[in-house]
Each structure stands twice: as structure tokens, then as C-alpha cells.
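Engineer: Below is the structure I would like to discuss, written out as C-alpha cells.
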Amino acid sequence: MPEGDTVWLHARRLDEALHGQPLVRTDFRLPQLATADLTGWTVTEVRSRGKHLLLRAAAPDGRRTTLHAHLRMDGTWRVYRPGEPFRGEPAHSVRVILATDRAVAVGYRLHDVTLLPTDAEPRLIGHLGPDLLGPDWDAAEAVRRIAARPDRPIGEALLDQRNLAGIGNLYKSELLFLRGVSPWSPVSAVPDLPALVDLAHRTLTANRERWVQSTTGSLRRGHTTYVYGRRAAPCRRCGTPVRRDSAGERVTYWCPTCQPDPATGRPGPGAG
Ligand SMILES: [Zn+2]
């Protein structure tokens, strides 16, 4: 699941592959960028901001541009050697190709792909709250933003990138399980909001150097999460069947015993 840590690692891998290199070929397979061409531009850096990826490039005449992309649920990047066949993803899902003399970066199923002047980046990412993996991470500000709407369910507040940037469905579900908090608990009823935010920061930081996301400490397939992806399976702590609830792209997993409804003490809503 592409969350902030996955995008951070993609950005680092792309930066290692492309940084300081002039682009010798670019191909944008998107209607809105069909005529775009960055051949001759030099990649200056690739960074993530929350779940957004920003690839910055400079033209020989000094102009600076940023390629922005979002992975949503299914996007990915791969880096190939020049001449190496693109493997592992269907060819029709290619959206962007950026080639230097040393590497070919291919973006698959990218969303919200935009080219814009680098100094206009705030238009796309200015609304984001503190970035969990950013050099300027600010835990107190994230807590302040979440606490500003005390009646809102905490599960929803954690997903809101204006509060803090980087959390998706997987970490939302796992963090709330680890803190014993129901996803439907109002923010005001969360016992220790700073501890929850601190756990989010530590969890994404611990996972950012590898592709496998684990909250349990195990990297074995099927053992990497407490509740996420484990509908009806027994809770690893108490044996109660794990529940799942979904609304569009929002999916929540939780244990009704370990994370009781804050008002009644009983299991919260959901499809079971
Ligand atoms: Zn449980």
C-alpha cells in the first residue's frame, strides 16, 4: 500500500538513479502532457512530501520545473538500466518515462501527474500538514491540527493530509490498534494524542528503508500487520475476529475487543 514511507523510498531510489543527470529522453503518456518534453533538462532532486512525489529539474537556461505525481492505491516507479526491457508491470500502465545515459525511470499508474514551475509547488502541496518523514517534521503542530476538530473520528483525522502528511489506510488501522483506540473515537476521547502522533512518526520512519511495511516486527508474509488485511482472522492479542469497514477508498480494520467503542464500550460500527 503506497503510504508516506513508500513514496519516500521511491523518491530516494529515483534521486539516486537520476540526480545530477541530464535527461536524454522523456515520454509522457498522458493526454494533458502529450507534448511535454524534458530532454536536455537535468534532474536536480527527487523528494517526497507526504504521499506526493516531486521530481525537480533545471533547464540549461536556468528555468526550473517540477514533475508532480501521486501513487494513490496502485501506482509505482521502477528503475531499469538503459536497454533493459521493462518487466514486472503491464506496458499499457506506463505513464512517464525519464531516461538518462545511466538509468531509465518508469512511472506506472501515476495519478495527478503535473508539470509546473518549481516555485509554484505550494499550489499543489501547500495545504499539507507536517510531513511525517520530512526534515521539518513538527509533532506539536500535527497534534494541534488534529485537536482543532475534537468531535471528528480519529480514524478520519489521521487520514486527513492537512493534519499530518503520510498516513493511509494501513497505518491508520495499525496505529489505532496499537494504541487501543477505536477508529470512531472522537479526537477529544483519544487518551494521549501526542503519543499516537509520535508512534506514527516512529512507525513510518522504521519502515521507510524497505518495501515491506511491518508494524509487528515480522517481515514474514501474512505476519506483518496486526489488523490490516486480516478481516475475520483472530486478533493477534485476544482472538476476537478482526473487523473491516470500507467507504470508497477508505478501508478500516480493527479489533472490537482491543479497540472498544468509546461511548458504549461495545464493538463499533462496521460490516463485521
Ligand atoms: Zn483484540
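The values are calculated or read from the model by the stated rules, or taken from the named source; none is laboratory data. Since the structure is predicted, the reported quantities are computational estimates derived from the model, not experimental observations. Counting neighbours? That spans all protein chains shown, and the Cβs are built from the backbone with ideal geometry, glycine included. Side chains included, ligands, DNA and RNA excluded: accessible areas come from the protein's heavy atoms. Shrake-Rupley method; radii C 1.70, N 1.55, O 1.52, S 1.80 Å.
Engineer: Using only the alpha carbons, work out the radius of gyration and Dmax of region 14-135 in angstrom.
Structural biologist: Computed over the Cα atoms of region 14-135, radius of gyration and Dmax are 13.9, 41 Å.
Engineer: Taking the Cα centre of region 43-167 as origin, work out the dipole magnitude from +1 charges on Lys and Arg Cβ and -1 charges on Asp and Glu Cβ, in debye rounded to 20.
Structural biologist: On the way: 19 positive and 16 negative charges, 41 e Å.
Roughly 200 debye for region 43-167.
Engineer: In nm, to one decimal, how far is the modelled label at residue 216 from the one at residue 81, with both set 7 Å along Cα→Cβ?
Structural biologist: Result for the modelled spin labels: 3.7 nm.
Engineer: For residue 73 paired with residue 21, estimate the spin-label separation in nm (one decimal), with each label point 7 Å from Cα along the Cα-to-Cβ line.
Structural biologist: Placing both labels 7 Å beyond Cα along the Cβ direction yields 3.3 nm.
Engineer: Further, regarding this structure: With a 1.4 Å probe and all protein chains left in place, how much accessible area per residue does region 1-57 have, in Å²? It would help to have the intermediate numbers written out before the result.
Structural biologist: On the way: 2330 Å² over 57 residues.
I get 41 Å² per residue for this part.
Engineer: If you roll a 1.4 Å probe over the heavy atoms of the protein chains, what accessible area per residue do you get for region 101-240, in Å²? Can you show the working numbers first?
Structural biologist: Details: 6310 Å² over 140 residues.
Computed with neighbouring chains in place, this is 45 Å² per residue.
Engineer: Now for a separate question. Rounded to whole Å, give me the distance from the Cα center of region 88-113 to that of region 1-68.
Structural biologist: 11 Å
Engineer: Another question about this same structure. Along the three principal axes, how long is region 81-156 when you take its alpha carbons, biggest first, rounded to the nearest angstrom?
Structural biologist: 54, 29, 20
Engineer: With +1 assigned to the C-beta of every Lys and Arg and -1 to the C-beta of every Asp and Glu, and no other charges, what is the dipole magnitude of the chain about the Cα centre in debye, to the nearest 20? Walk me through the intermediate numbers first.
Structural biologist: On the way: 38 positive and 29 negative charges, 169 e Å.
Dipole of the chain, to the nearest 20 debye: 820 debye.
Engineer: Oh, and also: Could you sort 181-187, 42-48, 232-238, 16-22 so that the peptide with the highest average Cβ count within 10 Å comes first and the rest follow in order? Don't skip to the end; give the middle numbers.
Structural biologist: On the way: 181-187: 22.0, 42-48: 20.4, 232-238: 13.3, 16-22: 15.9.
Going from most to least packed, we get 181-187, 42-48, 16-22, 232-238.
Engineer: Take residue 34 and residue 237, extend 7 Å from each Cα along the Cα→Cβ direction, and tell me the distance between the two endpoints in nm.
Structural biologist: Those two pseudo-labels are separated by 5.4 nm.
Engineer: Cα centroids of region 206-268 and region 185-202: how far apart, whole angstrom?
Structural biologist: 17 Å
Engineer: What share of Cα pairs, in percent, lie more than 27 angstrom apart in the chain?
Structural biologist: 43 percent
Engineer: Something else: Work out, in µm²/s and without decimals, the Stokes-Einstein translational diffusion coefficient of region 164-272 at 10 °C, 1.306 mPa s, Rh from Kirkwood over C-alpha pairs.
Structural biologist: Working: Rh = 14.2 Å.
Estimated via Stokes-Einstein, D reaches 112 µm²/s.
Engineer: Express the carbon and sulfur contribution to the solvent-accessible surface of region 104-206 as a percent, rounded to the nearest whole number, probe 1.4 angstrom.
Structural biologist: Values: 2080 of 3910 Å².
Summing carbon and sulfur atoms, their accessible area is 53 percent of the total for region 104-206.
Engineer: In addition: Treating only the Cβ of Lys, Arg, Asp and Glu as charged (+1, +1, -1, -1), what charge dipole size does region 143-272 show about its Cα centre? Round to the nearest 20 debye. Intermediate values should be presented prior to the final figure.
Structural biologist: Numbers: 20 positive and 10 negative charges, 68 e Å.
The dipole magnitude comes to about 320 debye.
Engineer: Continuing with this model, one more query. Let me have the relative contact order for the chain, percent, based on Cα pairs under 8 Å that are six or more residues apart. Mind dumping the intermediate values first?
Structural biologist: Numbers: 553 pairs, mean separation 42.0, N = 272.
It comes to 15 percent, rounded to a whole number.
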